[in-house]
Every structure is written in structure tokens, then in C-alpha cells.
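Take a look at the structure below.
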Amino acid sequence: MPDSLTDDAVSALMPELRAVMREAADIARPFFRLGGQTSARIWSKAGGSPVTEADVAVDAFLKVRLSALVPRAAWLSEETADDPARLGHDLVWIVDPIDGTRAFLSGHPDWSIAVALLSGGEPLIGFVHAPVGNADYEAVRGRGATRNGEPIRVDARQHLTGARITGPKPMLDRLTRGAGTEPDFEVIARIPSLALRLARVADGTVDIGMISGHARDWDLAAADLVLREAGGVVCDFGGAATLYNRPDPVHGELLAAPVGLRDPVLSAWDV
């Protein structure tokens, strides 16, 4: 059986994937307390980053359900031990069961569940579900991007002046200095979920999203496709597009922006 999926197979997969994402949200939601500490148990992973029982429960659920949807796809998830066998597969699920765990555990609304299916090393399907606000960002390669079923596009802005920017303060400060004459940026409060940060560039809510080093495939792959299909780009500060399913799925500093703002940002960054 060929490893790739036909267009018809992808179309047939989408309704089932939507249902799985909602079920995953139903698992996580009871542990979330808007404006307050999660009810879930919390412990620290190697390196000190937090994980909750909600992360683990959603990850286990998605591993079973997504593997059943596409049995021949390999698996890469934040909460599952990495299996190098994924490197030999054309199809790979890339999963973040809760993107923005710190937001989730502290009661901040900006956390999400992010799932991508890679084919040939690039996202074929991207799905970012934000349970607080019930927002579904969805994309299939070559078919455009939607939010709750409605088509979305990046903002048509071509210049940095007045751009809405978000991300780590040191990166925003560097961009502001490099832009020279008063760029009059509108700084948007940092969005804890990287997947949502990219998705909000895709829907035109944000113009420029900055991402510090050490993001992983699971933080990016799903929303990367949503942004691409909405007319945007995720790249490093040399202009190179992100690559997925490498032996070490870690990325350096990245930019998320409409295609029309990529070069102005990169020029300001180089100053």
C-alpha cells in the first residue's frame, strides 16, 4: 500500500479529525480554570518545563485515535518518547496535546491543541483548536485556510508602519530598533500558545509574530500550514522556510508574517 494519501482520502479524513479534536478538548477542558490554577496534577519534565495530567491524557487519547485514522503514519508528540522510525516515514502525525501548558495551568485562555499530518516532510493537514473561545483553525495543503469554517487571509499590509506585532520582548525591541524611523508598531500582548500566535497572523488579527529559539515541530507544524494557506510564511531570519521531521525537531528564532511583510522584517532585522 502506498504511504501517501490521495485527495479523496484527505477529504474523507477531515470530518473524523474534527470530531477527534473536539473530543480531545473535552478531555482537557474540565482541568482548566479560567483565571485560576488548573485542577490537574502538575510535575516537571527534564529541563524543568511543566506537564499536567491533562497533557498526558490528551496525548494518550490522540495517539490512539489518530493512529487509527491513519495507521501507517508515524508519530511525533511533545509528550511521547521519540521513535526515530518516524524518519523513514512519508506520513507523520505531529502533535502538541496542549500547546501553551503554562497558560493552561495558570488560567490564561490562550492555549490550544495542535495536530499536523506531514507528507513528504511538509504539513499536509493542519488543525489548531482553541477550546477557550471554541476556535478551529484548519488547513489542507493547496486548499486554503479557515477559522470555524470561514476562509481566512493574512492582512494585506505591505509596510511595517503601524504593524501589530507580538512575541518575546527582546525580539520586538530588536525589530523596532532595526526599523529606524518611528515604525509606530502596535504591540499585542504575547500569545503563550505558539500555534495560536501563528494562527492569529493567518486570520489577520496580528501582522508579525516573533518566535524565540528552541520551538519544536509540535509547536509549529499545524499552524505553519494554516498560515501558509492564508498567504503567510514561517521562516528563519535568513528567509529559509521551516523544515520538519528532522532527527532533532528543534528550531531557531523564527518569523511568522504575511508574505508581503517578510522582506521588510528581514531587512530591519539585519540592521
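The values are calculated or read from the model by the stated rules, or taken from the named source; none is laboratory data. All values reported here derive from a predicted model rather than from experimental measurement. Using ideal geometry, Cβ is built from the backbone for each residue, glycine included, and neighbour counts are taken over all protein chains shown. Quick note on the areas: whole protein, heavy atoms, side chains included, nothing else; ligands and nucleic acids left out. Shrake-Rupley method; radii C 1.70, N 1.55, O 1.52, S 1.80 Å.
Going through the range 190-212 one residue at a time, which ones are open to solvent by 10 Å² or more (accessible area, probe 1.4 Å) and modelled with pLDDT of 95 or more?
Pro192, Leu194, Arg200, Asp203, Gly204, Thr205, Ser212 - these are the residues of the range 190-212 that are open to solvent by 10 Å² or more (accessible area, probe 1.4 Å) and modelled with pLDDT of 95 or more.
Find the residue count for the range 111-134, including only residues that are surrounded by fewer than 20 Cβ atoms within 10 Å (Cβ to Cβ), over 27 Å from Ser4 (Cβ atoms) and either within 12 Å of the chain's Cα centre (by Cα) or touching a residue at least 40 places away in the same chain (Cβ under 8 Å) (or both).
Result for the range 111-134: 1.
Among the numbered criteria (1) closer than 21 Å to Arg141 by Cβ; (2) surrounded by fewer than 15 Cβ atoms within 10 Å (Cβ to Cβ), which single criterion is violated by Val20?
(2)
Hand me the list of strands (runs of 3 or more DSSP E) wholly inside the range 68-133 holding 2 or more residues that are hydroxyl-bearing (Ser, Thr, Tyr) and at pLDDT 95 or above.
112-119
Determine whether Glu53 is farther than 16 Å from Asp99 by Cβ, acidic (Asp, Glu), free of Cβ contacts under 8 Å to residues at least 24 places away in the same chain and surrounded by 12 or more Cβ atoms within 10 Å (Cβ to Cβ). So that I can check it myself, show each step before the final result.
Details: farther than 16 Å from Asp99 by Cβ: yes; acidic (Asp, Glu): yes; free of Cβ contacts under 8 Å to residues at least 24 places away in the same chain: yes; surrounded by 12 or more Cβ atoms within 10 Å (Cβ to Cβ): yes.
In short, yes.
Please indicate, with yes or no, whether at least one residue in the range 240-254 is open to solvent by 40 Å² or more (accessible area, probe 1.4 Å), among the acidic types (Asp, Glu) and in contact (Cβ under 8 Å) with a residue 60 or more places away in the chain.
Taking every residue of the range 240-254 in turn, at least one turns out to be open to solvent by 40 Å² or more (accessible area, probe 1.4 Å), among the acidic types (Asp, Glu) and in contact (Cβ under 8 Å) with a residue 60 or more places away in the chain.
What number of residues in the range 217-254 are touching a strand residue (DSSP E or B) at 6+ places or on another chain (Cβ under 8 Å) and closer than 18 Å to Gly126 by Cβ?
26
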